[in-house]
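Structure first, commentary second.
The values are calculated or read from the model by the stated rules, or taken from the named source; none is laboratory data. Small disclaimer: the values here were computed from a predicted structure and weren't measured. Neighbour counts run over all protein chains shown; Cβ positions are idealised from the backbone, glycine included. The area values use the complete protein model at the heavy-atom level, side chains included, leaving out ligands, DNA and RNA. Shrake-Rupley method; radii C 1.70, N 1.55, O 1.52, S 1.80 Å.
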Amino acid sequence: MLKLNQPRRIDLDKLFKPQARFKFSLHLYSGVWVVIAGYFGLTVLFTFPLVLDFAQTLPGQLLEDRDQNLWNLWWVKEAVLNFRNPFHTDYIYYPVGVSLYFHTLHPLNGLLSLPVQLLFGSVVAYNFIVFFSFVLAGLGTYLLLVYLCENRPAAFVASLIFVFAPYHLGTLKGLVQLISLEWIPFYVLYLFKASAHLATGRQRLRYSLSAALFLGFTALTDWYYTLFLIGFSLLYFVWLGVSFLAPSLAITRLRWRSPKYSVPEAVSASTFTLKPPFFIFRPSALARFWPFGLILVIFLVGMSPILLAMWREMNATAYYLPDPQDTRKYSADLLAFFLPPTTSSFFSWVEWRNFDIHYITGPLASQVYLGYCALGLSILGLFISKATRFWGFAGFCFWVLALGPALRVNGPTPGWSLPYALIENWPIIRIMRSPDRFVVITMLCLAVCASFGLKWLVEWLRRGGHPTGSRFVLGIVVGLLIAELVQVPYPVNPYQISPFFEQLGRDQEDYTILELPPQGGLWSGAPRMAEQAVHHKRIFDGYISREYDHPFQRSVPGFKELVTLKFNADIVKYAPQGETEAKLHSEWYTALNYYRVRYIILRSAQTTKQSNSTKLADYRAAIKRIVPSDPIYQDAQLEVYAVPSAFTVQPFVEVGEGWYEPEASGPPSSPSQDFHRWAWGKANLNIVWPGQGPKKLDLSLTLGLLQPEREARLLLNGLPVWSRRVSYPQTIKVPLALNPGNNRLEIQVDGKPATPTSLGIGNDLRRLLYYVSDVTIE
């Protein structure tokens, strides 16, 4: 046994030769598979009864988000296998498509689940990601806590605080990108290793590369967590900077340990003499800081293709910005941190009627309950170990941020401003709408502090000659944590799909399907996206995280009538007065065929929200006017109508950009109701010619001004075709030569828009310049 009053020479070259390093690593990571098995078993428990029907049921009650994430996994697989850009797709919102840079796509999960999707399908792949996230989050947290507190039993038990926190279980409601928090502890582990005071230059480089890799994995999973980790790193950087400036910390004193642990892993110097107590003088304490910059540079370079595309999109649009009230709506209530979730297995008996935050702790919201066992152990850890000071400080900072911009205590009161209000309008921070998610870092900090508290308890009992008592304490803590956190049975829902979509999936032809009622209101596009993962046909609806208007179906003949349930209620006239709908049928069929619509699907109500709809009969009647035949397929979920081919191919007009909604020009009771649309600047009509070769036709429209005497012009595909000074409503007739496909007819009127109110004409506050009506083509 080493005597502390005698110096001892240690041959570090011998200790750190390859064979010794192998044995040391084997000893350090022995039992890891047992630990993984433990997390797997606990995941089975906390998600029970999911494991009983792994291939047919999915966890959670937010079906829209669940279905959206099913589509996310499928789309990443589809994009990778077909060498497409996963961040843009025309499989939804066809034919325009949509950008997915600000959508919660989590492409890394799609890549990880790709083999499972190919072998077992999307449902099993979804559940695989759930189990993968819980088990790997457990392993990462365990390794982090072992590195920090150097006690494996305490690390395993304390890791449950983070892995099975109510927040993590709350994400199971359908938010796969939030379930996937497994990369957070790995990043923190390698950040701390890279900035450790005893790390060598080579080790700092290796650990920095690993940290940057895990930060990239986080970015490919969820941008919220990425921002949190960057903020955490900045906080730790400042903490180290303050410590570095303190003169008393110029020398780091190392605690003397037993010979088994006497040489830290990071030390790689040659033979030297240790004299307890001993000191190590750091030749360059600044070396602890450069890994922060290196990690950030590697991350930015590696993610630059995505970040640059997002930056361009941020400068060109504003759809990614949430509603200004969302940050208050999705902030944590102060009481929610201390009230167990209403879905708790052991605390469901608690009466909640006196608390207005029932929804906050309910099954459909983020659950921010901290847990009294976790808090008790964390306070003990903060009290007995200085090593927990940073973690207590960081946990408190993120806890305050989770409260959002204004304090709420059991409701909207008192509303005092909080630190988040100072940063909520910063360029990147303003994209966020859910401050309550900051609690994920708080839970990790609680787990670290609790591991030190639990370690102290265990070692105190062992030093007192009670090894059995230490194991008993560990068992009691595990039991308390499970009792406090478990929410069994966790809500699961079977995933059912119409056999018709499975039939479409076997059809290799490429075409589209039009689904009614249209998305909007209580109808969501997410179930249609999940079904697309089965039938693989493009659709005209969708549901993305940062939603914006997609007016295509309200602008194209055939689509417009089915979606709005209004016929001849726009500026384009296809059937002049006195004609039957026979001509309309030709225009409708041409447009539907041009956009490759093979089937029109009428969906029946499948949820309580959808059951309130009373327009199914109206949609059925509208379909009958366009497809006057019986459905070719029908079940409890849907009716399917086949779209016939057009008898003759006709050019048709789509309403383009720059217009307000159509308005009636006369009294509603008029038998020949006319409609007009106002524009505030440049506006356009798209004239589509589906045929082969050029097409000549005559276009007629009526142009009117809000203010008289303006120069007006028409441009077809960028070339002027008509120009004149207009002083009153004027009917324009101009010959056009169309190219095959889409032809853009742009209408330009000189001058600036004005509000009718400013001109003393009524009380209309819209900015208007001119209007168009009676658009016909011959």
Exercise. Taking interchain pairs and intrachain pairs at least six residues apart, which have beta carbon atoms under 6 angstrom, with the first residue in the range 459-474 and closer than 19 Å to residue 385 by Cα and the second hydroxyl-bearing (Ser, Thr, Tyr)?
Worked result: 461/470; 462/470
Problem set entry | the range 177-208, subset modelled with pLDDT under 90, in a loop (DSSP other than H, G, I, E, B) and not β-branched (Val, Ile, Thr), residue surrounded by the most Cβ atoms within 10 Å (Cβ to Cβ) | 199
Seminar exercise, completed: Looking across the range 685-741 at residues that are open to solvent by less than 70 Å² (accessible area, probe 1.4 Å) and aromatic (Phe, Trp, Tyr), the single one that is farthest from residue 649 (Cα to Cα) is 722
Seminar exercise, completed: Residues in the range 443-476 that are open to solvent by 10 Å² or more (accessible area, probe 1.4 Å) and under 24 Å from residue 375 (Cα atoms) total 16
For this session: Test residue 158 against the criterion of being touching a Lys or Arg at 6+ places or on another chain (Cβ under 9 Å), surrounded by 24 or more Cβ atoms within 10 Å (Cβ to Cβ) and under 28 Å from residue 241 (Cα atoms), and give yes or no.
Result: no
Problem set entry | Qualifying residues in the range 558-571 (those that are surrounded by fewer than 20 Cβ atoms within 10 Å (Cβ to Cβ) and in contact (Cβ under 8 Å) with a residue 40 or more places away in the chain) - the one nearest to residue 73 (Cα to Cα) | 565
For this session: Collect the residues in the range 328-345 that are part of a helix (DSSP H, G or I) and open to solvent by less than 10 Å² (accessible area, probe 1.4 Å), keeping them in residue-number order.
Result: 336, 337
For this session: Pairs only if they're at least six apart or on different chains, beta carbon under 8 angstrom, first in the range 218-244 and open to solvent by 50 Å² or more (accessible area, probe 1.4 Å), second not in a helix (DSSP H, G or I); list them, first residue then second.
Result: 227/428; 227/432; 237/289; 244/289
Exercise. Tell me, which helices (runs of 4 or more DSSP H) lie completely within the range 103-152 with 1 or more residues that are buried (at least 24 other Cβ atoms within 10 Å of the Cβ)?
Worked result: 107-112, 122-149
Problem set entry | Qualifying position, being modelled with pLDDT under 90 and surrounded by 16 or more Cβ atoms within 10 Å (Cβ to Cβ), among 361, 413, 388 | 361
Exercise. Residue 172: among the hydrophobic types (A, V, I, L, M, F, W, C), modelled with pLDDT of 95 or more and under 26 Å from residue 72 (Cα atoms), yes or no?
Worked result: no
Problem set entry | Residue match in the range 145-164 (condition: within 28 Å of residue 367 (Cβ to Cβ), out of contact with any strand residue (DSSP E or B) (no Cβ under 9 Å at 6 or more places or on another chain) and among the acidic types (Asp, Glu)) | no
For this session: Taking residue 51 as the residue in question, decide whether it is touching a Phe, Trp or Tyr at 6+ places or on another chain (Cβ under 9 Å), open to solvent by 30 Å² or more (accessible area, probe 1.4 Å) and under 22 Å from residue 136 (Cα atoms).
Result: yes
For this session: Check off (1) buried (at least 20 other Cβ atoms within 10 Å of the Cβ); (2) β-branched (Val, Ile, Thr); (3) farther than 21 Å from residue 223 by Cβ for residue 96 and give me the number that stays unchecked.
Result: (1)
Exercise. Restricting the search to the range 724-778, which residues are in a helix (DSSP H, G or I) and among the small types (Gly, Ala, Ser)?
Worked result: 758
Exercise. What's the number of the condition residue 650 fails, among (1) modelled with pLDDT of 90 or more; (2) surrounded by 14 or more Cβ atoms within 10 Å (Cβ to Cβ); (3) touching a Ser or Thr at 6+ places or on another chain (Cβ under 9 Å); (4) over 15 Å from residue 772 (Cβ atoms)?
Worked result: (1)
Exercise. Does the range 23-71 hold any residues that are assigned to a loop (DSSP other than H, G, I, E, B) and either modelled with pLDDT of 90 or more or of a type in the set (S, T, N, Q) (or both), and which are they?
Worked result: 30, 47, 48, 49, 54, 55, 56, 61
Exercise. Do we have any residue at all in the range 168-177 that's of a type in the set (Ser, Thr, Tyr), more than 21 Å from residue 230 (Cα to Cα) and within 17 Å of the chain's Cα centre (by Cα)?
Worked result: yes
For this session: Would you please name the residue that is modelled with the lowest pLDDT, looking only at residues in the range 612-635 that are farther than 19 Å from residue 585 by Cβ and open to solvent by less than 70 Å² (accessible area, probe 1.4 Å)?
Result: 613
For this session: Mind counting the residues in the range 498-557 that are basic (Lys, Arg), open to solvent by 10 Å² or more (accessible area, probe 1.4 Å) and within 24 Å of the chain's Cα centre (by Cα)?
Result: 2
